Each structure stands twice: as C-alpha cells, then as structure tokens.
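Report on one structure; see the data block that follows.
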Ligand code: HEC
Ligand code: HEC
C-alpha cells in the first residue's frame, strides 16, 4: 500500500501565497508561521526511533536505531503497508484507507460515489488515515467494538460508530451498512488493529486528556490564539481553504455551514483541546507541542462558540447522569448551568459528581 508522505512545507507555502492577496494576514502569519516552522523543523529532524516513528514513514525502510525507552509501554505503531494481504482483501483495505484519507473525493458534495457529507475528510481529524499517535488514531477500534456507549445507550459495532462520525463530524448521512464503502472502511480499521489484544486500548490511541484549568475556558483569549496560530490556514471566518474546482479542502473549515455539527465529538471542549495540543498547528506531534494547555482550552472555547450546523440530539444520552462533564446541552442531573458544563470551570462539577457517586 502506498502511504503518501505529507507535504507540510508546500501546504504552508500555499497559505503564505495567499498573503499576496490578503496582506493583512502578514503579521499573524509571521507570528504563527514562525512557531510552525520551528515546530516543523523539530518534527522533521527528529531521529527515527523504534518507539515513535513518524507515521508518514510507514512504508519506508526504517533503520533500527535503539534509543533509551523512557516509558515501559510502547506507543502503538500501525502495521506496515507491506503486510497487506494479497488480492481482493488487500484491495478492499486500501480502498478503506483511501475513503478515510480522501472521503470527500468519494462521498463529499462533489463525490464520485454519492454526495452524502460536508466535504471534510475523516483524516482531517483522524490524522494520517487514523494512524498517528495521539492523533485520534483507530488503534483501539478493532479490539474494543462492539461496546456499550452511553451516548446512544446501546451496544455499538464499528459500523454504527463510523456512521456517527458521518452524521456528526461530517454533518451528513452514512453510507449503507452493506455498501462497498462501509465494508472497506471496517476492513481497514480491523486490519489496523489486528495485533491489538481484544479489549485493550493501546498507548497513544484517541486524543490526549488535558488537565482541567482552574478557571473557565475563555473565548476572548481563544480568539487571540486563533488569529495568531490558526487563521493563516483555517481562515479569518473559519471557512478553511479550498482551491477552486478541487473536491477536498487544503485546510478544513473550523466553523460555518461546512464544518462539523454541534453533536460531534470535537464540539466538546476537552476533545477539541486534546486534539489541538498534539496536532496543531499542523505539522507538530505529541513530542513537539506548541500551545500551552490553557491556549488549547481557550481556542477550543472560541471555535466552539462560533456558528455551525445543529443536530437534533433529543434521543442521545438516555441516561442524563452519564453525560460527560463538558457536554454542553442539558438536562443534567446536577445543578450546574449549560454554560459551566460547556466552558468550565470543570473541577467543581467533577467533585460534585464524585460526592454523588459516593452516596449511591
Ligand atoms: C471533525 C472531526 C472528525 C471527523 C471529520 C471524523 N471524526 Fe471520527 N471521531 C472524532 C472524535 C473527536 C472522536 C472521538 C471522541 C468522541 O466522539 O467522544 C471520533 C471517534 C471515531 C471512532 C471511534 C474511535 C474509538 O477508538 O472509539 C471512529 C471509528 C471514527 N471516529 C470514525 C470516523 C470516520 C470513518 C470518519 C469519516 C467518515 C470520521 N470519524 C470523521 C472526530 C472526527
Ligand atoms: C499550517 C496550516 C495549519 C495551521 C497553522 C493550523 N492548522 Fe489545523 N489543520 C490543518 C490541516 C492541513 C488539517 C487537516 C489535517 C489532515 O487532513 O491531514 C487541520 C485540521 C484541524 C482540525 C480538525 C478538522 C476540522 O476542520 O475541524 C482542527 C480542529 C484544527 N485543525 C484546529 C486548529 C487550531 C485550533 C489551530 C491553531 C492553534 C490550527 N488548527 C492551526 C492545517 C493547519
């Protein structure tokens, strides 16, 4: 399987090129861009270690360099592309990977298979086709589904979980469970997680959980972070960047009609902040974060205060007591406001929950 090497510098140059027509971006670019270039340079010059290979190098011959391993548990590593099964099975897995990386090409507004989603790619949030450490990877999927999930109050299989992201993150509808596309995505995820023992969540799966701030996350402070560090790629109006005529975004939208809806995982501040910490500005990794935890919480508060599509969620969370602390829509079984659930401070909510649980 050919895993593409990401071309960070050229994407960045594309953004810089826009400055010709939008000179007011210059200052913010210099500030944000400098941080990005430094981060990018660090990222690219890191030695290839046995524990933390850049996932873009999956297909390359990786020299075996033994470095001291600080943690006893190793980060998960995606299987090597050369280990794909031959024939039809391998082709299906490759198609599944391509659907994750280039969803819009097949299923976006100009999709060749069916126009059923908003133009984003799964990969926009599940980086490197769902293989990046702390980049919302799929390493735990094969080993932990089917499982009971509180949001639906049901036992969910992989198809249901994929459908959720289509309906929420891609603000659309899911391909049929028996379609070639759905089967291919499931095959890809099963292949990725084939070596993970049943029930286990590998180190580096999903997103980081940042410690709570001792104050509410602040959209006003977050706007400053956004302007300095994010706007150059994601746009002053959060609209993202798409070359005219293209089917996919160069830089995906942050808010507005083509972004994820308010039922999506990223609409919760903890998920957004955890995603940004180890993955943005684009090009960084968990080893080279640029933003402080507070900046991540604040930019999450800003972006998730901007307009975006709404999803009817009245049948979600059949048990209101099971809503995550930062879930922004009531009713709740505690007395904290929707505003505090959304922005924090969260610690007092967490403490109150512990007290209730202890009384049960
Ligand atoms: C806007 C960001 C975003 C996009 C785009 C997105 N997802 Fe997700 N996805 C998330 C987040 C955040 C989570 C986990 C957090 C949560 O929902 O609580 C998640 C979770 C998942 C999981 C469960 C992972 C696990 O270990 O439990 C699967 C499977 C998944 N997504 C598949 C997809 C597929 C397939 C697509 C494309 C059709 C997609 N996602 C697009 C944000 C996104
Ligand atoms: C150099 C350009 C660049 C900068 C700067 C940047 N991003 Fe991104 N961002 C990207 C790209 C590219 C993707 C999609 C990654 C992919 O598809 O592989 C992305 C994806 C995202 C996503 C998930 C997809 C979505 O649109 O919802 C979020 C959230 C995000 N970025 C937030 C931020 C935040 C917050 C900042 C500032 C702290 C930031 N980004 C800075 C390029 C950038």
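For the peptides 201-214, 345-358, the ranking by mean Cβ contacts within 10 Å, running from highest to lowest, is 201-214, 345-358. With the largest listed first and rounded to whole Å, the semi-axes of the equivalent ellipsoid of the stretch 81-192 from the Cα gyration tensor are 19, 19, 14.
Legend: calculated FRET efficiency, residue 113 to residue 347, from the Cβ-Cβ distance at R0 = 45 Å, rounded to 0.05, equals 0.45.
In terms of surrounding Cβ atoms within a 10 Å radius of their Cβ, 141, 232 rank from fewest to most as 141, 232. Shown is the FRET efficiency for residue 152 and residue 80, computed with R0 = 22 Å from the Cβ-Cβ distance and rounded to the nearest 0.05: 0.05. Ordered by the number of other Cβ atoms lying within 10 Å of each residue's own Cβ, fewest first, 91, 339 fall into the sequence 339, 91.
No value in this document is a laboratory result; all are computed from the given coordinates. Everything numeric in this text was worked out from a predicted model, so none of it was measured. Glycine gets a Cβ as well: all are built from the backbone with ideal geometry, and neighbour counts include every protein chain shown.
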